[in-house]
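FYI, it's all coordinate maths here, none of it is from the lab. Fair warning: this is a prediction, and the values are worked out from it, not measured in the lab. Methodologically, a virtual Cβ is constructed for each residue, glycine included, from the backbone with ideal geometry; neighbour enumeration extends over all protein chains shown.
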There are 2 protein chains.
Amino acid sequence: MSALNKNEITVFAPATVANVVCGFDILGFALDGLFDKMLIRKTNKKGVTIINKDDYNLPTQPDKNVIGAALLALLEAVPENIGFIVESTKIIKPGSGIGSSAASAAGAVVGANHLLNNRFSNQELVEFALCGEAVASGSKHADNIAPCIYGGITLIRSTTPLDIISIPSPTLYVTIVHPQIEVKTSEARQILKKQILLKDAIIQWGNIAGLIAGLMKSDYDLIGRSLVDVIVEPVRSILIPHFDEIKQKSMEAGALGGGISGSGPSVFFLSKDEKTAKTIEKAISNVYKNINIDFNTHVTTISNRGVKVQ
Amino acid sequence: MSALNKNEITVFAPATVANVVCGFDILGFALDGLFDKMLIRKTNKKGVTIINKDDYNLPTQPDKNVIGAALLALLEAVPENIGFIVESTKIIKPGSGIGSSAASAAGAVVGANHLLNNRFSNQELVEFALCGEAVASGSKHADNIAPCIYGGITLIRSTTPLDIISIPSPTLYVTIVHPQIEVKTSEARQILKKQILLKDAIIQWGNIAGLIAGLMKSDYDLIGRSLVDVIVEPVRSILIPHFDEIKQKSMEAGALGGGISGSGPSVFFLSKDEKTAKTIEKAISNVYKNINIDFNTHVTTISNRGVKVQ
């Protein structure tokens, strides 16, 4: 049976880093080797059934579940009388700040689209997945979903209308550290000020412009100089234990730059090579060991692939 | 006598467009075929002498003159007992919003550097020229000076420290229209709000990121979609006669986008080809003819060359 005629597929949906320091709400990238797994089966009955195969006790009622809500949105655009059964095995811990809900939403719609002979465009899939993401975060932000579906680094130039642009980049290693504390996306959003200084905004848009240019020119120094956030990080970093110290140690260890992943609590740092990324991992680990905070770490690369279907 | 041994040179310093819609204070580009002319002579006496060969009645006291202040800044970094005599023929009307003072400042320091066997880097020249620009506008902004010296499109990622990045771009035609009214840079700056909404800032940095990506990908559609300014244009456009109408007519005529050049009163619109640029020129001309506003127009391209020395 060819892949296009299958009624059941397995999906691997990558973790993602949103915001990327100076790209609050507009930039994200996909991570290699860190993904959720879903088994999706097409049925002849309208509706969605969720079976959780992990220990996260996520809701199974479709409209309260990220996967469910995303698939219900997709099914609204499907005239046939079909539905999906999803067995979800989450590896990416919910609330870790590396796009756990986005992986669920994006993986589900890419998988479902595959079972529908890829009738929807990537952009349409992002729109469906946003309906799932909204269940988890209370708002529709595509900066995890877009890189999860497209792979690589994606710019969300505009949300209304949706305008997603893939940004080429040189090889970049990523050190991710997840301190085991809870930061709710909705709370992390609430502590931000609604108004900011124009002079700070100018610094920020200089940096995001520099980052895009640095990535597209493969200019590591420029990437590093541009990874500065004068708006969000000074406010949100108080939610991350010992943020200033881990950032300082990471920079001393050779990081190009980095900061809070999404709304935290995970942090990420970028480097040119694996050796540096591992030195950073060790430096942050030492900080968290000393203050008895549980954490886990990953050293990986930015992945050029989004959701993988098997 | 070789160029490097000359004691006298002629300099052509191009007009420039700063801000470029969504790049307030960080982006600018050089224009082809529209430039100031300066004759610069190196002397053996410390100091600067300004001779104005035009009708603009600009000050000749060096520290009150843009050229003078820029050259005095440069001379502070020169140990030898030398000076400059500058005969300035301004073509770019002061106060037109296409970098008239920047052309004076940048042309002078590039020319002087040439007479000093190019001992200073382009970045150092920008620093000197900023001291000249400050005489005219009261603040140090490099978004006209940088493209005037570097040519092409330049990003000023940061002012302190200065970080200038050349942004490659596809061929772009520029329609410039200068309504003959006065807009003072300092006043145009004063009417801006010191605080802006975070949600507007996010839209703005999505657009500047999109514009940089569009330029570097030679993606005209993306360039066009990104040329949106939700922060400065809504405030400053009230200073430009019939701004909304000329913008609408330009877009209808096929412009990729455009807006206020620098702090105005000139406006600029970008297009893919000369024919469209000329159609836009005619459309705006018709608006200003109908309301009896004097104006002049130029159709040109973004120039890859900055200040030219002969």
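Across the identical copies, the 7 Å label point of B:ASN304, projected outward along Cα→Cβ, sits 2.7 nm from its counterparts, in ascending order. Taking the C-alpha atoms only, the angle from helix B:122-137 to the longest principal axis of chain B is near 70 degrees. For segment B:218-310, the list of trypsin sites (Lys or Arg not before Pro) that fall in a loop by DSSP and count at most 15 other C-beta atoms within 10 angstrom reads B:ARG305. Taking amide H positions as modeled 1.01 Å from N, with prolines and chain starts lacking one, the residues under 5 Å from B:GLY257 and 5 or more places away or on another chain are B:LEU270. Compared with the dominant Cα axis of chain A, that is its longest principal axis, helix A:198-216 is turned about 70°. Only one residue of B:VAL287, B:ILE231, B:ILE202 has its Cα farthest out toward the positive end of the dipole of segment B:173-301, where Lys and Arg carry +1 and Asp and Glu -1 on Cβ, and that residue is B:ILE202.
Please build a GNM for chain A, connecting alpha carbons under 10 Å apart, and tell me which residue among A:GLY99, A:GLY214, A:GLY23 fluctuates the most. Residue with maximal mean-square fluctuation among A:GLY99, A:GLY214, A:GLY23: A:GLY214. For helix A:66-76, what angle does its Cα long axis make with the longest principal axis of chain A, in degrees from 0 to 90 and rounded to 10? The helix A:66-76 is inclined about 50 degrees to chain A. Amide H contacts of B:ILE167: B:ILE153, B:THR154, B:LEU155, each under 5 Å away and 5 or more positions distant or on a separate chain (H built 1.01 Å from N in the peptide plane; Pro and chain starts excluded). Around the Cα centre of segment A:241-310, unit charges on the Cβ atoms of Lys, Arg, Asp and Glu (plus for the first two, minus for the last two) sum to a dipole of about 260 debye. Between B:PHE35 and B:ALA15, the built amide H atoms are under 5 Å apart, and every one of these is 5 or more places off in sequence or on another chain. Pick out, in residue order, every one of the trypsin sites (Lys or Arg not before Pro) in segment B:167-214 that is DSSP loop and has at most 15 other C-beta atoms within 10 Å; say none if there are none. For trypsin sites (Lys or Arg not before Pro) across segment B:167-214 that sit outside H, G, I, E and B with at most 15 neighbouring Cβ atoms in 10 Å, the list reads B:LYS184, B:LYS193, B:LYS194. Counting only Cβ charges, +1 for Lys and Arg and -1 for Asp and Glu, the dipole size of segment A:173-301 around its Cα centre is about 180 debye. Largest GNM mean-square fluctuation across B:LEU115, B:LEU125, B:LEU31, computed for chain B with C-alpha springs under 10 Å, falls on B:LEU115. Sorted shortest first, the separations between the B:ARG189 label point and its copies elsewhere in the assembly read 3.7 nm; each point sits 7 Å from Cα along the Cα-to-Cβ line.
In nanometres and ascending order, the distances from the B:SER121 label point to those of the other copies are 4.4 (point 7 Å from Cα along Cα→Cβ). Each residue of segment A:80-86 is assigned a 3J(HN,Hα), and the resulting list reads 5, 8, 10, x, 9, 10, 10 Hz, derived from the Karplus form 6.51 cos²θ - 1.76 cosθ + 1.60 (θ = phi - 60°), x at Gly and Pro.
For segment B:223-228, the Karplus equation 6.51 cos²θ - 1.76 cosθ + 1.60, evaluated at θ = phi - 60°, returns couplings of 4, x, 4, 7, 7, 10 Hz by residue, with Gly and Pro reported as x. Placing unit charges on each Cβ (+1 for Lys and Arg, -1 for Asp and Glu) gives chain A a dipole about its Cα centre, and among A:CYS22, A:ILE92, A:ILE240 the Cα reaching farthest toward its positive end belongs to A:ILE92. Specify the longest stretch of chain B that does not include any exposed loop site, a site being one of the GluC sites (Glu not before Pro) with a non-H, G, I, E, B DSSP assignment and at most 13 other Cβ atoms within 10 Å. Of all site-free stretches, the longest is B:183-310. Placing +1 on each Lys and Arg Cβ and -1 on each Asp and Glu Cβ, with no other charges, gives chain B a dipole about its Cα centre of roughly 280 debye. Couplings 3J(HN,Hα) of segment B:17-29, computed from phi: 10, 9, 6, 6, 6, 9, x, 3, 6, 10, 10, x, 9 Hz, in residue order, whole Hz [Karplus 6.51 cos²θ - 1.76 cosθ + 1.60, θ = phi - 60°; x for Gly and Pro].
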